[in-house]
Every structure is written in C-alpha cells, then in structure tokens.
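*Asks:* The structure's right below; bear with me while I get my questions together.
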Amino acid sequence: MPALASHRKPRTRVRSTVPAVGLTSAALASVTLLSSQSATAAPTPKPSIEEVQKKVDDLYRQAGNATQKYNQAKEATDKQKSRVDLLLDNVAKRTEKLNDARRTLGNFAAAQYRNGGLAPTATFFLADDPQSFFDQTHLMDRMAERQQQAVTDFRKQQAKASEQRAEAVESLETLTKSQAALRTSKQNVQTKLTEARTLLSKLTAEEKARLAELERKKEAEAKRKAEELAEKQAAARKEAERKAEESAGSGTETGSGSDTGSDTGTGTSASTKADKVLAFARAQIGKPYVWGATGPSSYDCSGLTQAAWKAAGVDIPRTTWDQVNVGTRIATADLQPGDLVFFYDDISHVGIYKGDGMMIHAPKPGANVREESIYYMPIYGSVRPA
C-alpha cells in the first residue's frame with residue numbers, strides 16, 4: 001500500500017481569493033471614510049473682529065510706508081531726470097563746439113593743401129621780392145600758431161565731450177534704476193491697499209457694525225488722552241505766565257528794566273509762521289487722501305505737511321523720513337501749534353499739531369483730511385521745523 005501511495009498525483013492547493021476581496025473592500029471603505037472626514041473637517045477659524053481691525057490697521061500702515069518709498073523714489077526720479085536733461089543739453093552744446101573746432105582744422109588742412117607744402121628756400125626764390133617772402137613767412141608762422149591752437153582746442157573739446165557723454169550715460173542708468181524703484185513702490189502701495197479692501201469686503205453687515213464700534217472706542221480713548229494733554233499744557237502755560245509776572249514785577253521794583261523783549265520778537269515770528277501753517281491746513285480739511293499727492297485737490301500725509309509749511313514760507317523735504325530730521329526735536333508735552341508729529345516705528349505717518357492734543361492730517365486712503373487726536377496712532381516723535 002505504501003508503494004501505491006507514492007504514485008499518487010499530489011493535490012494542488014488552491015488559495016481562495018475571497019479574503020483578498022474582503023481586504024480590498026475594507027481598504028476602500030477606509031479611504032472613503034477618511035475622505036468624507038476630510039471633507040467635513042472644521043474650516044479654518046474665521047478671524048475675530050479685533051484681529052481684522054489689527055490686520056487692516058497694519059496693512060494701512062504698510063501702505064503708508066510704501067507711499068513714503070514711492071514719494072522718495074519719485075523725488076529721486078524727478079531730480080535725476082532734470083539732471084539728465086541738463087547733461088544732454090550740455091552734450092549738445094559741447095558737440096557743436098567740437099564741430100566748430102573740426103571745421104577750423106578742416107580749413108587749415110585745405111589751406112595747406114592749396115599751398116602745396118613748398119619748402120621755405122623754394123618759396124624765397126619764387127617770391128617777387130625778398131620783403132614779400134618775409135611777410136608771407138611771418139603770416140605762415142602766425143597761421144601755424146593758430147593751427148596749433150586749433151588742434152589743441154579740438155582735443156580739449158573732444159575730451160570734454162567724451163567726459164560729458166559718459167556722465168550723461170551714467171545719469172541715464174541711474175534714472176532707469178530710480179524709475180524701476182518708483183514702479184516697485186507703486187505696486188507695493190496698490191498691493192497693500194487691495195489686501196485691506198479685500199479683507200473689509202468679506203465682513204458681514206453685523207461684523208462691519210462691530211468694527212465701527214471698535215473704531216469709535218479707539219477714537220474715544222484717543223480723545224480722552226488728548227484732553228489730558230490739553231489740561232497739562234494749560235496748567236504749564238499758567239505756571240509759566242505766573243513766573244513771568246513775578247519776574248517782571250521783580251524787575252520793576254529794582255528799576256533795572258533790562259528785559260528788552262528780544263525773545264518776544266522771535267516768538268512772535270514763530271507764532272506767525274505757525275498761524276499760517278494751521279490756516280492752510282484748516283483750509284484743506286475735507287479734501288481726500290491720495291497716496292503720492294501734494295495738492296491742491298488731494299494730499300497724502302507728508303504732502304499736506306510740506307504744502308502747509310511752504311505756505312508759511314518754509315521749505316521742508318517731501319518724505320516723513322526726511323521731515324523728521326528738520327528743525328528741533330520736541331517732547332510731546334511741549335508741543336505747540338504748527339509742530340509736526342510723527343507716528344509708528346517706521347515713521348510712516350505725520351500730522352500737524354493744532355493744540356489741545358489734536359492734529360490736522362491726511363489719514364489714509366478712503367478718508368479725508370481731518371482733525372484727530374495725536375493719540376489715535378502710536379507717536380514716534382515730534383519736530384518744530386522753524
């Protein structure tokens with residue numbers, strides 16, 4: 001029996017595919033479940049109104065910074081363009097002088113060709129008389145001197161023309177860079193403003209109302225701080241007046257009368273300028289903020305301050321970054337009407353102090369020139385231009 005068993009054909013074991021099908025179905029079910037879970041996953045949390053307000057304020061600040069870069073680039077471009085125009089005009093004039101020197105040399109060359117270049121001895125023997133030879137020789141010597149001078153002048157004009165052409169080319173390259181920076185700054189301003197508008201456009205009516213309420217609270221707090229500053233300044237003025245009266249009374253009793261009031265004249269001059277600055281600024285209230293604008297129908301922040309001080313006969317630079325370095329630095333407690341107050345760490349905004357903690361400024365795109373508390377934004381510092 002064992003021998004017979006050894007000749008039996010071995011049975012082939014066939015694996016069932018049913019379990020595999022079951023596993024595949026389970027895997028597909030798992031993938032479908034995960035997909036549905038992903039689809040129903042909680043969306044990114046919507047920012048709070050406070051976060052939206054902070055983001056919008058920051059975007060407007062960044063736009064203000066980009067506006068100052070635009071103003072700086074535009075000023076550099078305008079100056080460079082004027083320089084290039086002047087250089088090109090100089091090159092044209094120098095080229096004309098070079099052409100005149102070239103024509104003079106051509107005349108000398110033609111004269112020498114007509115003369116034939118005879119040797120002095122031959123000219124002596126061919127002359128009608130010795131005196132005419134010596135007269136002609138003297139004339140030729142003088143012509144040789146003039147010719148040499150013409151050559152020298154030509155070389156001088158040629159060198160100067162080459163120098164001015166090189167300078168003009170360099171200035172044109174600088175102008176091209178300034179224009180590129182101007183385009184970049186303009187794009188940056190537009191990008192930041194678009195981001196801010198997009199963020200605000202996504203708010204519901206209720207959210208916009210809440211945002212407006214936050215703005216009112218912010219303005220109220222800023223106004224409260226302005227009133228506190230006004231009280232402190234009023235108290236300081238009264239104390240100064242009291243001391244001045246005491247000093248004046250003391251001077252009268254001793255009969256010295258040494259105070260000629262020279263300081264009053266200087267103070268009056270500064271006060272007159274400040275009055276003109278504020279009169280101009282008040283006249284602009286209600287006009288729209290437009291970045292890069294310098295008037296008369298619209299302004300950006302530094303365009304308004306520049307125009308206001310110009311109305312008082314004082315020229316100050318175009319950008320906030322340059323204006324902050326003009327005149328005398330002033331502490332906030334010592335602010336007087338007409339002083340310039342700068343804001344943010346990047347000095348991207350400026351307003352004109354009008355007294356009592358308030359200023360006149362061109363706030364931001366979408367707003368008009370208006371009066372506002374200097375505490376509405378973080379103060380960087382202040383200056384008195386003149």
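The values are calculated or read from the model by the stated rules, or taken from the named source; none is laboratory data. Only a predicted model underlies this, so the values are computations on that prediction, with no experimental measurement involved. Remember, those area values only see protein heavy atoms, side chains included, never the ligands or the DNA or RNA. Shrake-Rupley method; radii C 1.70, N 1.55, O 1.52, S 1.80 Å.
*Asks:* Which of the aspartates and glutamates could a cross-linker bridge to LYS160, judged by Cα under 19 Å and excluding same-chain residues fewer than eight apart?
*Replies:* By straight Cα distance, LYS160 reaches ASP85, ASP89, GLU96, ASP100, GLU170.
*Asks:* Need one word for segment 306-350: rounded, prolate or oblate. Basis is the Cα gyration tensor (sqrt eigenvalues a ≥ b ≥ c); a/c below 1.5 gives rounded, then a/b vs b/c decides.
*Replies:* It comes out oblate by the Cα gyration axes.
*Asks:* Would you list THR191, THR305 from the most to the least accessible area, probe 1.4 Å?
*Replies:* THR191, THR305
*Asks:* Go through segment 338-345 residue by residue and turn each phi into a ³J(HN,Hα) via Karplus (6.51, -1.76, 1.60, θ = phi - 60°); whole Hz please, and just put x for glycine and proline.
*Replies:* Once θ is set to phi - 60°, the couplings for segment 338-345 become x, 5, 9, 10, 10, 10, 6, 5 Hz.
*Asks:* Amide H to amide H under 5 Å from HIS349: which residues, 5+ apart in sequence or cross-chain, H placed 1.01 Å off N in plane?
*Replies:* PHE343
*Asks:* For ILE352, ILE285, ILE347, give me the order by solvent-accessible area with a 1.4 Å probe, most accessible first, ignoring ligands, DNA and RNA.
*Replies:* ILE285, ILE347, ILE352
*Asks:* Quick one: Karplus J couplings for segment 289-302, per residue in order, coefficients 6.51, -1.76, 1.60, θ = phi - 60°, nearest Hz, x for Gly and Pro?
*Replies:* So the Karplus estimates, Gly and Pro as x, are 6, 9, 5, x, 8, 10, x, x, 8, 7, 8, 9, 4, 6 Hz.
*Asks:* Something else now. Using a 1.4 Å probe and ignoring any ligands, DNA or RNA, find the accessible area of VAL91 and quote it in Å² to the nearest 10.
*Replies:* Accessible surface of VAL91 is approximately 20 Å².
*Asks:* Can you flag which of LYS55/LYS225; LYS69/LYS238; LYS54/LYS310; LYS54/LYS238 are past 31 Å Cα-Cα?
*Replies:* LYS69/LYS238; LYS54/LYS310; LYS54/LYS238
*Asks:* Right, something else. Can you send over the solvent-accessible area of ARG224, 1.4 Å probe, protein chains only, in Å² to the nearest 10?
*Replies:* 100
*Asks:* Then there's this: Among the aspartates and glutamates, which have Cα under 14 Å from the Cα of LYS218 when same-chain residues fewer than 8 positions away are ignored?
*Replies:* GLU50, ASP57, GLU372
*Asks:* I need the phi-derived Karplus couplings for segment 156-171: 6.51 cos²θ - 1.76 cosθ + 1.60, θ = phi - 60°, integer Hz, Gly and Pro marked x.
*Replies:* 5, 5, 5, 5, 5, 5, 5, 4, 6, 5, 4, 5, 5, 4, 4, 5
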